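Below is one structure, written out as structure tokens; comments come after it.
The values are calculated or read from the model by the stated rules, or taken from the named source; none is laboratory data. This is a predicted model, so every value here is computed, not measured. Don't worry about glycine lacking a Cβ; one is built from the backbone with ideal geometry, like all the others, and counts go over all protein chains shown.
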């Protein structure tokens with residue numbers, strides 16, 4: 001048995017869905033490590049709350065879009081220092097705009113963070129997990145990556161690409177006992193949706209058969225299942241958690 005800490009690594013783990021995932025995996029018994037880009041006080045708060053509950057957590061300031069920094073992070077902080085049990089690719093940004101008006105830099109940045117960043121984390125994690133001959137990778141995609149959304153060509157393309165990355169990686173890594181799955185959230189109650197006007201929220205609700213927004217904890221529960229012992233025969237799948245809006 002390895003004496004190294006059994007770690008679940010979550011990108012973008014200081015707020016919203018990422019924070020809920022970090023907290024849930026800590027409850028599941030993992031030492032939770034997570035990345036963030038801004039608001040260090042939020043990251044410190046997450047660590048403090050997990051540790052006050054008896055768990056272990058670490059926060060790392062890291063830009064998922066910086067491939068060299070990500071590779072260095074795995075080399076310096078994880079390789080030989082932790083048994084990487086779980087990777088959850090959650091970090092993402094939006095730069096919304098209509099197709100004909102979208103700037104190249106807005107396209108490039110969203111693809112870099114939401115897709116290329118996930119690829120880089122997954123590639124580096126796969127090297128470690130393959131050597132261990134076990135591991136779970138969960139990618140957070142989106143319902144709009146499945147159905148599209150006006151004004152989000154860059155975001156939808158990245159999230160749809162993440163589904164393809166998930167399915168291809170699952171085929172490659174299965175022989176090493178590493179599973180790769182995705183969770184596709186629908187409209188979730190976060191800081192972003194809390195700032196939307198009532199009319200926009202009503203428009204969202206009209207598309208959801210369950211007639212409510214999801215909670216970050218709903219997504220965390222799905223991740224917990226895919227990262228846990230009961231999902232050992234599940235790989236290459238996209239688990240939709242969207243209230244029935246896309247079946």
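Do you know which of the residues in region 50-67 that are under 20 Å from residue 106 (Cβ atoms) and surrounded by 17 or more Cβ atoms within 10 Å (Cβ to Cβ) is farthest from the chain's Cα centre (by Cα)? Quick ask: steps written out before the conclusion?
So in region 50-67, the residues under 20 Å from residue 106 (Cβ atoms) come out as 63-67.
Remaining after also requiring surrounded by 17 or more Cβ atoms within 10 Å (Cβ to Cβ): 64-65, 67.
Numbers: 64: 11, 65: 14, 67: 17 Å.
For region 50-67, the residue satisfying everything is 67.
Within region 29-43, how many residues turn out to be crowded, with 24+ Cβ neighbours inside 10 Å and assigned to a helix (DSSP H, G or I)?
The number of residues fulfilling the criteria is 1.
Taking region 1-22, which residues are touching a residue at least 24 places away in the same chain (Cβ under 8 Å), surrounded by fewer than 24 Cβ atoms within 10 Å (Cβ to Cβ) and out of contact with any helix residue (DSSP H, G or I) (no Cβ under 8 Å at 6 or more places or on another chain)?
The answer is 2, 4, 5, 6.
Suppose the filter is modelled with pLDDT under 95 and either in a helix (DSSP H, G or I) or under 17 Å from the mean Cα position of the chain (by Cα) (or both); does residue 117 pass it? Quick ask: steps written out before the conclusion?
Numbers: modelled with pLDDT under 95: no; either in a helix (DSSP H, G or I) or under 17 Å from the mean Cα position of the chain (by Cα) (or both): yes.
Taking the combined requirement at face value, the residue does not satisfy it.
Which residues, counting only those in region 193-214, are under 14 Å from residue 15 (Cβ atoms) and either in a loop (DSSP other than H, G, I, E, B) or without any contact (Cβ under 8 Å) to a residue 12 or more places away in the chain (or both)? Write out each step before concluding.
Taking region 193-214 as the starting set, the residues that turn out to be under 14 Å from residue 15 (Cβ atoms) are 193-195.
Residues satisfying the conditions are 194, 195.
Please indicate, with yes or no, whether at least one residue in region 129-151 is surrounded by fewer than 18 Cβ atoms within 10 Å (Cβ to Cβ), modelled with pLDDT of 95 or more and closer than 24 Å to residue 40 by Cα.
Within region 129-151, not a single residue is surrounded by fewer than 18 Cβ atoms within 10 Å (Cβ to Cβ), modelled with pLDDT of 95 or more and closer than 24 Å to residue 40 by Cα.
Read through the list (1) in a helix (DSSP H, G or I); (2) touching a strand residue (DSSP E or B) at 6+ places or on another chain (Cβ under 6 Å); (3) within 26 Å of residue 123 (Cα to Cα), then give the number of the only condition that residue 165 fails.
Of the numbered conditions (1) in a helix (DSSP H, G or I); (2) touching a strand residue (DSSP E or B) at 6+ places or on another chain (Cβ under 6 Å); (3) within 26 Å of residue 123 (Cα to Cα), the odd one out for residue 165 is (2).
Look at region 77-114 and say how many of its residues are under 21 Å from residue 20 (Cβ atoms) and assigned to a helix (DSSP H, G or I).
Residues that pass the stated criteria total 2.
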